[in-house]
Every structure is written in C-alpha cells, then in structure tokens.
1. For the range 505-519, which positions are surrounded by fewer than 18 Cβ atoms within 10 Å (Cβ to Cβ) and part of a helix (DSSP H, G or I)?
2. Which of the numbered conditions does residue 599 fail, given that it passes all the others? Conditions: (1) under 19 Å from residue 475 (Cβ atoms); (2) at pLDDT 95 or above; (3) part of a helix (DSSP H, G or I).
3. Residue 137 fails exactly one of the following numbered conditions: (1) buried (at least 20 other Cβ atoms within 10 Å of the Cβ); (2) within 25 Å of residue 286 (Cβ to Cβ). What is the number of that condition?
4. Of the conditions (1) farther than 25 Å from residue 585 by Cβ; (2) out of contact with any strand residue (DSSP E or B) (no Cβ under 6 Å at 6 or more places or on another chain), residue 501 satisfies every one except a single condition; which number is it?
5. Might you let me know whether the range 77-84 holds any residue that is touching a helix residue (DSSP H, G or I) at 6+ places or on another chain (Cβ under 6 Å) and either modelled with pLDDT of 90 or more or on the phi > 0 side of the Ramachandran plot (or both)?
6. Name every residue in the range 404-459 that is loosely packed, with under 14 Cβ neighbours inside 10 Å and in contact with a helix residue (DSSP H, G or I) (Cβ under 6 Å, 6 or more places away or on another chain), in order of residue number.
7. For residue 368, indicate whether it is out of contact with any helix residue (DSSP H, G or I) (no Cβ under 7 Å at 6 or more places or on another chain), in contact (Cβ under 8 Å) with a residue 12 or more places away in the chain and within 27 Å of residue 475 (Cα to Cα).
8. Restricting attention to the range 85-119, which residues are part of a loop (DSSP other than H, G, I, E, B) and at pLDDT below 90?
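The values are calculated or read from the model by the stated rules, or taken from the named source; none is laboratory data. Note that the structure is a prediction, hence the values are computed from the model and not measured. All Cβ positions, glycine included, derive from the backbone under ideal geometry; neighbour counts span all protein chains shown.
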C-alpha cells in the first residue's frame, strides 16, 4: 500500500483503500472491510477514518469496548472530522459515561455547527443526564435545521415529556406522525404520553397501532404492559410481556417488566431471579436495578435493597428520582426516621424543588400552618405545564393529608375528592358484583358446612391472622404482637387468597371440595409462610381483606388464631378515603362505594361471628387499645398462647419493616387524636354517611 498513485493491480493508496473498505462494509462484506482497515493501520497507525470504520464495525459486532477504543484513538487525530467526535459521544453514552459523552458531542457541534447528527446525539445525552432544558435547546436546533425530520420531532417530544410539558410533547409527536404516519416508535411513545394524560383507551390504541406497524417493537409491548399494570390488570400485562418473549426470550425490558408483575403479586423471590437474569445481560440498566430494589425491599433484605436503589440512582436514565424516593421510603419503613428525612433531602438536592419528592415524604412528617412543602405542591398543581395525571393524583392525596394535619377541612377534601376521582378513573370496579360475592360467601359458610369439614386441615399454631377493614388498627395490633420475640410480623400477605384461588372458585366450588382439597390449600399456605420465618413460633399475616376467607380458616388450620380489628365505622372509612393505597383497595376511592363495601363487610362479619370457634376467634377495638394498651396487649398475647413480654408495650421502638399506610403512626406511642376525628369533617362525607345510615353530626 502506498500513499502515492500505484500501478492499478499492485497496490492502493490510503484513500483508495478506505473507499474500497467502505464499499465492502456497505455490501455486507465485513471481513474484507476489516482486513483493509487493518492494512491501512499498519502503514498509518493513527489514520482516523480507518480507526473510525473499525470502531463502527466493532459496534455492529456488539464489541462496545473495542469500538470505544478504536474511535477514541480516531478522535485524537488533529484532523478528525466532527462525525468521529459524534460517534465517540454515542459510544460514551452507551457505556453510561455521560460526562465524556457530552464533551465529545460538544466538540462535534463546535467543529461543525450545522451537523444534525451531532446535535441529536448531544440532545439525547443531555436528556439522559437529566439536563432537560439544555436537551430541549439542542433538539430545537435540530428541528430548525431539519423541520421535516420526523425523528427529530420524536426526540424533541421525548424531552418535552420529561420536562412535564405534555401539550408540546403531544404536538411534537403528532408533528412526527404527520411527517411519517407509519413511524411505529412515535405511536409507542405517544401511548405513554396519552396514558400520563389519563386517556387510557387512546393510549392502548396507539401502542397497538405501533405493534401493527412493527410486530417486533418491544417498547410498544412494554408500554402496553405498563398501562395494564398501572390499572392492576395483571393478566393482560403478562400477556404483553409474554408477547416479547416469543421473539426475544432474553429481552431485558421484558424480564424487568415480568419482575414488576411478580412484585405486584408478591412473588418476590421470583422477581429477584428475573431481575438478576436481566442484569447479567444489561448490568447498567437503571430500571432493572430499581425493580430489584423493590423485590429485595419486600423481602426485608434492607441493606441489599438500599444498594440496588442507590445503583439505579447513579446510572443513566430517568428513574433516579423514583429510586431515591424508594430508598427514603425504605428507611422510613424500617423505622430510621432520621435517615429517611436525610434521604428525602438528598433526593431534593439532586432534584431541586421536585414536587414528586416533596409529595412522597408527606407520611414522614406532621404538617404545620405555613409549611413550605404545601406551597410547592399547590404551585405544582396550579402551574403550567400540567403534571401527568398520576403525579397530580399523588399531589392531591399529599395535600389532602397536609390540610387534614392543620385541620383545614375544606381544603383537605377539595384535594381528597380530586385525588380519589383520578384514582377511581384508573381501574374498573363493580360494587354490585362485589356485594353479591360477599353475600354469597356469607350464605355458603354455615354451621353445617363447618361440621362437615371438621378436622380436614393441617395442624399448626404458627399462623395468626389479623383481619378487618384497612385502617382499622390492623398494623397497630401487628406491631404490638410482633414486638414479642417469638412472633414474626410478615405484613400483608396474599398467600391465603392465592392458595384458595389455586383450588377453585370461592365460595362457589367449596361444596364440591374434599378434605384432601382443604389439606392441600392448608399445606400450600403453610409452605409459603414457613419460608418467611422458619424459626418463629408465631407468624402474623395481617392482610385485612382476609376477612373474606376467615370462615375457611378453621377448616384449613384448626389451630390458627384470628384477630378481628374493629374501629369506628366512619373513622375507618375516612382514613381509607384519605390514602392512596399501594395495594388493591378498589372500593376505597368513592364515598358511596366505600360505604356500601363497609356495610357488606359488617354483614359478613356478623355471619362469621356466629360460626367461628371462640378459641380461634377474638375481636379487638382500636379505641379500647388506645384507652388501655396494656390490658388489651396482655389479652392478645394470652390469646395466641405465648408468655407475656414487656416489649409489647414499647411497640413503637421495635425495628422491623412496616409496609402499610400506617407506617408513620405505629412508630409513635399510643395517641388518641384519631378517635372520632370524622365529626369535624362530616359535611364532606354525606355520601358515605348516607350509605352507613348515619346523619351528619
């Protein structure tokens, strides 16, 4: 090879060799292209174009480190063109080295101010670094240079969305689709935006349109899965995840989405396995680390969960804020309030003025008049552009709590009504169907049925069921009992309901079950709780909704204990209405439906009270515990057949994970301020009071 013009058949100049190498590469003849580039580097080791082409080949082969090495060397040439710096920026971005990526991209645009690809790279890099305003400036530059570039409008829309400017984001997506109607990625991105705007049916249609155009666009399936997950339609969400696995069995996003579904259904160990599998493929996936943190968090592996959240927060992507909030919440749940407060402050230092962080810490504090957090949240709701629907909902619930704290009833309920309306619109719930089901349960569970199956289950004194309405004191009772050294508080388990559902339709198939069927359900349930705490003498399952299955418990586990928590009906319902529950309390977001559910619950418990064995069933009133903590605590410890322990009286000092809406309350000594508090808010509770057959006070 020569730098001079050679005889035609004997040698090539570097320029000719580069031209031929590019021709081979473009023709799919990779080996020939690579050999020519390597021959050029033997003559000119720092030849930038040859190094760049080799780098792009290595990238195509999936050899990111080798690609970065070649193109980094190419960029060191004094005459390296802007395209090389732009390529280097993209490689740094893929490695998660966003500072280096930004520097390289800025060199590219400085060298060639009209280079669209470089401006695009810089805009996306800044977007991933959380520098959304700077990203917007870059991507607006791209659309001004190429106003008919559909990809540019899509990238611009993505940044507008991250800035919370939904109107401009929607306009930019629509502009991209006007330029290119079959742009599947934009239909998929628009689906996310429409979901955030609360236009769920339109969001689903947009994602399905993306799939029609490109049946292997994994992001569209993932977006559909997230939409269905957000409205608690888990079977539909799993369908879309499975659709990805059919053409991409190791897809990281699908493995992560599957893990999120596993967390939602309390299959936490399986979720850990799924996320760890994903991380072997993509170790720098921030969303996967965050999901791993959620699973470990639920398993009570606090230190590992915190590390996963911190790892997610330091990686590129858009989940850092969520991961930092999750870490602060974890610290709050394990009782380290000082560390939790510091963690929320650290999140605010990273994301100054974040209304998401400020709203998320509402349960960690008692608001006073003039609290600056209230002004921030009000401004977030009043300002433009409007926040996504799910953020507006969170802000309304947090402000409702804040105004309840400062006894401003009118403002509290203005926000609670809005927050509950947003939540209620996000899922389907048939109150009449639920009522019918509960009445069918009551009609099925008769003394004759209990006699027929007597002695059918499994003997074990370990399970303690705490049942009742949510917000009726179940967490308080669990915390008192779990302060005993021989008792493990497992929290709100779905294990009983899942075991029953695996056996058949309850209560409709119950009459056809055999003793063996009941023994199998009992064994299934015991297997799940035994894995949680193999050494504890007693294990508490405090899922309040297990009252639906309470009539089965003596048949399944004749030595188990059932504690029914009761509280003033209106105080209970008001407390439910003021909470944006993490779990499926579908009845709680509309006052009349809440009242109807409470009446049906009372009806079912009245039936169960007549048939549950007195040695297995006890009732405790929240107000009685508040008035006589020691007397009620001793009664409960005696009921579960354990010796007394004074730690049960200092339950607020017990360090254990508490993952319910009552986390802040049970970290305090007994207080009486929640007794009868509904009276001061009665004018806002008319539909509830009407359902409960009560008049306003």
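1. Selection gives 511, 512, 515, 516, 517, 519.
2. (1)
3. Residue 137 satisfies all of (1) buried (at least 20 other Cβ atoms within 10 Å of the Cβ); (2) within 25 Å of residue 286 (Cβ to Cβ) except (1).
4. (1)
5. Yes, some residue in the range 77-84 is touching a helix residue (DSSP H, G or I) at 6+ places or on another chain (Cβ under 6 Å) and either modelled with pLDDT of 90 or more or on the phi > 0 side of the Ramachandran plot (or both).
6. Scanning the range 404-459 gives a single hit, 447.
7. On the way: out of contact with any helix residue (DSSP H, G or I) (no Cβ under 7 Å at 6 or more places or on another chain): yes; in contact (Cβ under 8 Å) with a residue 12 or more places away in the chain: yes; within 27 Å of residue 475 (Cα to Cα): yes.
Yes.
8. Matches in the range 85-119: 96, 97.
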